1. Any idea which of (1) touching a Pro at 6+ places or on another chain (Cβ under 9 Å); (2) on the phi > 0 side of the Ramachandran plot is the one GLY87 doesn't satisfy?
2. Pick out, from the range 24-107, the strands (runs of 3 or more DSSP E) lying fully within it that include 1 or more residues that are under 20 Å from LEU13 (Cα atoms).
3. Looking at the range 21-55 only, could you name the residues that are farther than 12 Å from ARG101 by Cα and basic (Lys, Arg)?
4. Residue by residue through the range 29-64, note down the ones that are of a type in the set (Lys, Arg) and buried (at least 18 other Cβ atoms within 10 Å of the Cβ).
5. Condition (residue is surrounded by 11 or more Cβ atoms within 10 Å (Cβ to Cβ), out of contact with any strand residue (DSSP E or B) (no Cβ under 6 Å at 6 or more places or on another chain) and modelled with pLDDT of 75 or more) applied to the range 8-18: is it met by at least one residue?
6. Hey, among the residues in the range 65-82 that are farther than 15 Å from VAL43 by Cβ and touching a residue at least 12 places away in the same chain (Cβ under 8 Å), which one's surrounded by the fewest Cβ atoms within 10 Å (Cβ to Cβ)?
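The values are calculated or read from the model by the stated rules, or taken from the named source; none is laboratory data. In this text, all values refer to a predicted model and were calculated from it rather than measured experimentally. Here the Cβ positions follow ideal geometry from the backbone for every residue, glycine too, while neighbour counts run over all protein chains shown.
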Amino acid sequence: MKRKSKSNSEIVLYQTDDGKVTKLDAACPPIKYLHRALKDGDVYFFFNESNETQSRTATLAGTGQVQVWDATSGTIQPLDGVAPAAGSVAVPLTPTNYEARFIVLKR
């Protein structure tokens, strides 16, 4: 995971060789992040390691339908109010205390 500040107001979490970025709209040390590129989509895992709800917007690189995968219930649902990604997409993140969330861009 690369962390570097692009400006005072956004934090770049990861940048691919072709310049696509995953970023948060503001610094948020309690939110941890992992990304895996699969042949049929991109999987993003976010974890809030604090005891307080966090609220940020993440810009995710990728294309396809934006889905939330719930590992506890085994459900997969489209992320309401978010259009399919076409190169990148802004996704609201509001993880509660110690909550983990998978967001998948499914091609």
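1. The single condition GLY87 does not satisfy is (1).
2. Fully inside the range 24-107 and qualifying: 31-38, 41-48, 56-70, 85-93, 100-106.
3. Of everything in the range 21-55, those that are farther than 12 Å from ARG101 by Cα and basic (Lys, Arg) turn out to be LYS23, ARG36, LYS39.
4. Result: ARG56, single match.
5. No, that holds for no residue.
6. PRO78
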